[in-house]
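Report on the following structure.
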Amino acid sequence: MSPAPRIASLLPATTELVCALGLEDALVGVSHECDHPPSVRARRALTSTRVVARGGSAEVDRDVRRLVERALAVYAVDVDALRETAPDVVLTQDLCAVCAVSLDDVRAALAEVGLARTRVVSVAPLDLEGVLASFATVAAALGVESAGERLIASLRARIEAVRVRSARLARRAVLTIEWIEPTMVGGTWMPELVELAGGRALAARAGERAPTLGRAELAALAPDVVVVKPCGFDLERTRAESAALARLLDGLRWPALERGEVWLADGNAFFNRPGPRIVESLEILAACVHPTEFGDLARRHAGAFESLGTASDP
């Protein structure tokens, strides 16, 4: 067997994938946001962020918009760290300019440090099938096609298990909130996860980017279930958005509010990462959409989500 290439992963999802493929020891560098499995935090950070806001979603949104207006990248590549780690393969993305370092910046940094032969593998999945296909692409690039096939097969089996169980259940209208201020609804693969979990996705279509909804558009909806999982926010930080959530929900006559079926979830670890834990995201979602029928999944993923009522209780 040929030795594994030296891998730099600049995206949390691909870092998780590399580890799931059995190549964690080949990681020479990661992004500043890579945190799973916890052991990868010891790897050299090759990127940093220019977003300084640590407050609520509105403040973060303003900070990002200011950077974009000034034609500044949200993230930067540490060229010195890149030179010193000298990866053979760099894994990155070209899906979202505010989610990770841009593909152009990666290529420019490699050229600057004289790593012209380093292979860049970029992923940009927009739907669930695209996520799984990206796993095969990365596995092939790293020379572990068989491991990729086994991983994908195991994930498909878990997806199918949820689909079969939910197929006999009544569809429930589900709204997934990807950002609070402004209010963005989960797009790309989220509507597919909602359908697989036994729901009917509101205000977004599979394969399309997250739409931003105004007050009147939100008021016109009637979700039975709401899942709040801001991109990049863990559960603790989402809890801290209580004032923003109160503003968002004030005056809305949603069935989900009347029945107490608003859930907070860890959007940093799940849902918004197109990595292997996309299946855990589906299982958590199923537990939110049909809590009684998927009680076993709720217990399996306890700590990754909670009801808004639980979060706001004194």
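Values in this text are rule-based calculations from the coordinates and carry no lab data. Being a predicted model, the structure only gives us computed values, none of them experimental. Counting neighbours? That spans all protein chains shown, and the Cβs are built from the backbone with ideal geometry, glycine included.
Sorting the segments 272-282, 125-135 by their residues' average number of neighbouring beta-carbon atoms within 10 angstrom, most packed first, yields 272-282, 125-135.
Seen against the Cα atoms of the chain and their longest principal axis, helix 145-166 is set at about 0 degrees. Each of VAL138, VAL164 was scored by other Cβ atoms within 10 Å of its Cβ. Arranged with the fewest first, they read VAL164, VAL138.
Taking the average, over residues, of other Cβ atoms within 10 Å as the packing measure, peptides 288-294, 76-82 rank 288-294, 76-82 from highest down.
Pairs of Cα atoms nearer than 8 Å and 6+ residues apart set the relative contact order; for the chain it is 14 percent. Ranked by the mean number of other Cβ atoms within 10 Å of their residues, highest first, the peptides 203-213, 226-236, 100-110, 251-261 fall in the order 226-236, 100-110, 203-213, 251-261. For the chain, a Gaussian network of Cα nodes joined below 10 Å ranks ARG239, ARG44, ARG150 by mean-square fluctuation, and the top entry is ARG150. As a rough footprinting exposure proxy, the listed residues SER57, SER154, SER146 were ranked by other beta carbons within 10 Å of their own, and the order from fewest upward is SER146, SER154, SER57.
If you take all other residues with their beta carbon under 13 Å from the beta carbon of ALA116, and give Lys and Arg +1 and Asp and Glu -1, the sum is +2.
Taking neighbour counts of Cβ atoms within 10 Å as a proxy for exposure, in what order, fewest first, do ASP25, ASP224 appear? Could the numbers behind the result be given before it?
Working: ASP25 10, ASP224 20.
Starting with the residue having the fewest Cβ neighbours, the order is ASP25, ASP224.
I need the shape label for the range 126-228. Rule: rounded when a/c is under 1.5, else prolate if a/b > b/c, else oblate, with a, b, c from the alpha carbon gyration tensor. Display every interim value, and only then the final one.
Values: a/c = 3.84, a/b = 1.69, b/c = 2.28.
Cα axes put the range 126-228 in the oblate bin.
Helix 57-69 and the longest principal axis of the Cα set of the chain meet at an angle near 40°. Over all other residues within a Cβ to Cβ distance under 12 Å of LEU126, the charged ones net out to -3, with Lys and Arg as +1 and Asp and Glu as -1.
Phi angles of the range 273-289 translate, via the Karplus equation with coefficients 6.51, -1.76, 1.60 and θ = phi - 60°, into HN-Hα couplings of 9, x, x, x, 6, 4, 6, 4, 4, 4, 5, 5, 4, 4, 5, 7, 6 Hz per residue; Gly and Pro are given as x. The angle between the Cα long axis of helix 128-141 and the main principal axis of the chain comes to about 20°, on a 0 to 90 degree scale. By its C-alpha gyration tensor, with a ≥ b ≥ c as the square roots of the eigenvalues, how is the range 242-314 shaped: rounded for a/c under 1.5, else prolate for a/b larger than b/c, else oblate? Prolate. The candidate values are (i) 130; (ii) 118; (iii) 141; the one derived from this structure for volume of the Cα convex hull per residue in Å³ carries the label (i).
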